Amino acid sequence: MPRCLKCGKSRDLIKLERHRIWVCRECYPWFFEKQVERAIEEKNMFTRDERVAVAVSGGKDSLALLHVLARKGYNPKPFFIDLGIEPYTRHARKIVEDVTGSLGLELEVYDLKKERGAGIPEVARATRIPPCSICGAVKRQAMNIMAKRLECNVLATGHNLDDEVAFVFSNVIDWNLEQLARQKPVLEPGQGMVKKVKPLYRVTDREVELYVDVLGLNVVKEECPLSRKAKSVDYKRVWDEIESTRRNAKWSFYSGFLKRLQPVLEERFQEKVRLVECEKCGEPTTEGRKICLVCGFFERVKNSTTQ
Ligand code: SF4
Ligand code: ZN
């Protein structure tokens with residue numbers, strides 16, 4: 001009869017096929033948190049003394065990450081990016097405020113309308129660029145800004161193993177070697193960018209879902225109204241199928257990539273893209289541009305309203 005790996009109980013068991021183990025619901029958080037701690041330690045992401053900025057969207061991944069860090073004695077500094085996508089953003093913000101409050105953590109907010117004068121829907125209307133393309137660039141920049149404001153040298157995001165596998169897979173389909181060279185759980189700081197880490201890179205979507213479920217966390221379930229079906233959703237489905245016939249295929253694919261291919265590509269593309277300061281906001285942008293992509297979007301919004 002199967003028994004829990006930790007306490008030996010044979011009730012309320014969860015089967016973790018890819019690890020070939022069973023754990024009971026009570027011991028599951030212990031198992032999950034151990035995986036995350038292992039990722040943090042093995043990759044020297046940060047120590048318990050360091051302030052770690054955590055981008056919390058209200059989704060399961062970032063809230064799971066915040067709980068692990070708070071429960072395991074790390075020093076997380078959560079922040080929320082208010083994108084002005086109503087009523088979705090208001091709802092997500094309320095959940096994040098409640099959760100951080102219950103953990104006794106102060107929450108900082110980057111409010112796009114206050115900082116830049118418009119939310120994602122207005123920028124998308126004015127520029128006619130797909131909202132997710134704008135949003136991706138805005139969030140990347142806001143995360144870097146917030147980490148620095150919160151006096152953190154490290155920024156942690158909730159990307160999990162399924163996200164990483166889908167990203168690598170998509171870039172393999174296009175043989176986008178430059179992107180693959182930069183794909184790893186820790187991106188070192190430099191040229192105005194803070195260190196970026198992904199402490200959930202060893203755990204799957206399902207394992208995160210289980211953690212959230214066992215702890216009874218309230219997370220944002222609805223989809224962003226601006227979301228278009230991303231290709232990554234299809235890739236994740238393909239990988240779920242592969243995993244159902246080949247145990248631990250996701251981890252084998254991603255860890256193999258990190259060991260065998262990524263270092264070679266990093267060496268090959270070590271000529272780093274040089275970054276310069278944006279003349280408007282001071283954030284890093286690629287050499288040759290006067291203003292960054294995000295400032296460019298908001299310039300277009302301004303021009304569209306003055307025309
Ligand atoms: Fe932003 Fe697109 Fe995600 Fe909505 S679905 S939050 S617009 S990236
Ligand atoms: Zn700028």
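The values are calculated or read from the model by the stated rules, or taken from the named source; none is laboratory data. Because the structure is predicted, anything quoted here is derived from the model rather than measured. Every residue, glycine as well, gets a Cβ built from its backbone with ideal geometry; the counts of neighbours run over all protein chains shown.
Values as computed for the structure displayed
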item: Any pair with Cβ under 7 angstrom, 6 or more apart, that starts in region 190-209 at a residue that is modelled with pLDDT under 95 and ends at one that is among the acidic types (Asp, Glu) and part of a loop (DSSP other than H, G, I, E, B); result: GLY192/GLU283
item: Residue check for LEU177: touching a strand residue (DSSP E or B) at 6+ places or on another chain (Cβ under 8 Å) and away from ligand 1 (no atom under 16 Å from the Cβ); result: no
item: Unmet requirement for GLU86, which otherwise passes all of (1) closer than 18 Å to LYS195 by Cα; (2) modelled with pLDDT under 95; result: (1)
item: Selection count where residues are without any contact (Cβ under 8 Å) to a residue 40 or more places away in the chain and either small (Gly, Ala, Ser) or within 16 Å of ligand 2 (Cβ to nearest atom) (or both), scope region 259-280; result: 4
item: LEU293 being within 16 Å of ligand 2 (Cβ to nearest atom), buried (at least 17 other Cβ atoms within 10 Å of the Cβ) and within 26 Å of VAL168 (Cα to Cα); result: yes
item: Any hit, region 67-78, residues being in contact (Cβ under 8 Å) with a residue 24 or more places away in the chain, of a type in the set (S, T, N, Q) and assigned to a helix (DSSP H, G or I); result: no
item: Yes/no for GLU97 being farther than 30 Å from GLY73 by Cβ and out of contact with any strand residue (DSSP E or B) (no Cβ under 6 Å at 6 or more places or on another chain); result: no
item: Residues that are in a helix (DSSP H, G or I) and more than 22 Å from the chain's Cα centre (by Cα), drawn from region 244-262; result: SER244, THR245, ARG260, LEU261
item: Test: ALA92 is under 30 Å from PHE297 (Cβ atoms), small (Gly, Ala, Ser) and out of contact with any helix residue (DSSP H, G or I) (no Cβ under 9 Å at 6 or more places or on another chain); result: yes
item: Residue, nearest to ASP163 (Cα to Cα), within region 210-235, restricted to residues that are modelled with pLDDT under 95 and in a helix (DSSP H, G or I); result: SER232
item: Leading residue by the ranking (nearest to the chain's Cα centre (by Cα)) among those in region 26-57 that are of a type outside the set (Phe, Trp, Tyr), part of a loop (DSSP other than H, G, I, E, B) and closer than 16 Å to ARG71 by Cβ; result: VAL56
